[in-house]
Amino acid sequence: MAEKILIVDDDLDSLKLIGLMLQRHGYEVVAANSGTQALAKAANDHPSLIILDVMMPDMDGYEVMQCLRENPETRDIPVVAVSANAMPKDLARGKAAGFVDYLTKPLDIEQLLDRADAAVPLSRQSDKKKPSLRGRTQINLFFEASTRTQGSFEIAGKRLGAQVTNMSVRTSSISKGETLIDTAATLNAMQPDVIIVRHPASGAVELLSQKVGCSVINAGDGWNEHPSQALIDIFALRRGLGRRQRGFIGLV
């Protein structure tokens, strides 16, 4: 039986486009063009995932989200927000509202499908946490703002069972002149299991990894590649080309 996805958008063209692409990938699609209609269909159809436009005339996406969470029948359904607003404050508001993801328009259909693939299986679990990192400590250390990347690592860590701590650079000793090596020594004393690092200087993450005794994941540093993003790209390509026996793909 196909997984059911509810898409909510007051733009009928967007509804048709997203619905068609999801259907082609094997999903059952339920559509709503208003917040009121979305709430009714969510309660009646029990979708595995809701893709919700934030800006709508009768009820905006945040109002719909609040109503979904207040209803015991719909409060556990994962909701992905879609909006043309992509400022950091908008992403932060989306995270605070409880959206599992926040996509910006114009919409990348392949990105949407990848998120749907990942979110649907999790929504079928009564307990949305896995024990993979139970007992482990994850520190997110971001020297530059990146709301979506930091939020993604935080949610992923928590859903895998890790104890996640976000260190604020602005309010730490780093803002008072502490060097990266000093920071490494402080973090190492805490004995974390993994540190997620984002830094504006190329090579900073590699330097930090040499000074601590735990795993370090590069979430982006200067002009260097973003390895975690590249892994996501490869994952999507593998899903799309999985049946091909041979082939060569270059990521530039």
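The values are calculated or read from the model by the stated rules, or taken from the named source; none is laboratory data. Please read these numbers as outputs of a predicted model, since none were measured by experiment. Cβ placement follows ideal geometry from the backbone for every residue including glycine, while neighbour counts extend to all protein chains displayed. Ligands, DNA and RNA are excluded from the accessible area calculation, which covers all protein heavy atoms including side chains. Shrake-Rupley method; radii C 1.70, N 1.55, O 1.52, S 1.80 Å.
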- Among (1) modelled with pLDDT under 85; (2) open to solvent by 40 Å² or more (accessible area, probe 1.4 Å); (3) in contact with a strand residue (DSSP E or B) (Cβ under 6 Å, 6 or more places away or on another chain), I18 falls short only on (2)
- Message: Please count how many residues of segment 215-252 are open to solvent by 80 Å² or more (accessible area, probe 1.4 Å) and modelled with pLDDT of 70 or more.
- Response: 1
- Message: Any residue in segment 23-41 that is more than 12 Å from L6 (Cα to Cα) sitting within a Cβ distance under 7 Å of a residue that is surrounded by fewer than 17 Cβ atoms within 10 Å (Cβ to Cβ) and among the small types (G, A, S)? List the pairs, counting only those 6 or more apart or interchain.
- Response: G26/A2
- Query: Which members of segment 34-57 meet the condition of being over 21 Å from Y102 (Cβ atoms) and open to solvent by 40 Å² or more (accessible area, probe 1.4 Å)?
  - Reply: T36, Q37, A40, K41, N44, D45, H46
- Message: Looking only at residues that are in a loop (DSSP other than H, G, I, E, B) and touching a helix residue (DSSP H, G or I) at 6+ places or on another chain (Cβ under 7 Å) in segment 115-155, which one is modelled with the lowest pLDDT?
- Response: K128
- Give D13, D60 a once-over and let me know the one that is surrounded by 13 or more Cβ atoms within 10 Å (Cβ to Cβ) and either under 24 Å from A96 (Cβ atoms) or modelled with pLDDT under 90 (or both). D60
- Condition test on V212, is it under 23 Å from T147 (Cα atoms), of a type outside the set (F, W, Y) and modelled with pLDDT of 85 or more? no
- Set R148, R136, R198: member being crowded, with 19+ Cβ neighbours inside 10 Å and basic (K, R): R198
- Residue in segment 67-75 that is at pLDDT 90 or above, surrounded by 21 or more Cβ atoms within 10 Å (Cβ to Cβ) and under 22 Å from R148 (Cα atoms) present: no
- Query: Residues that are of a type outside the set (V, I, T) and over 23 Å from K158 (Cα atoms): which helices (runs of 4 or more DSSP H) entirely in segment 1-114 hold 3 or more of them?
  - Reply: 12-24, 35-45, 61-70
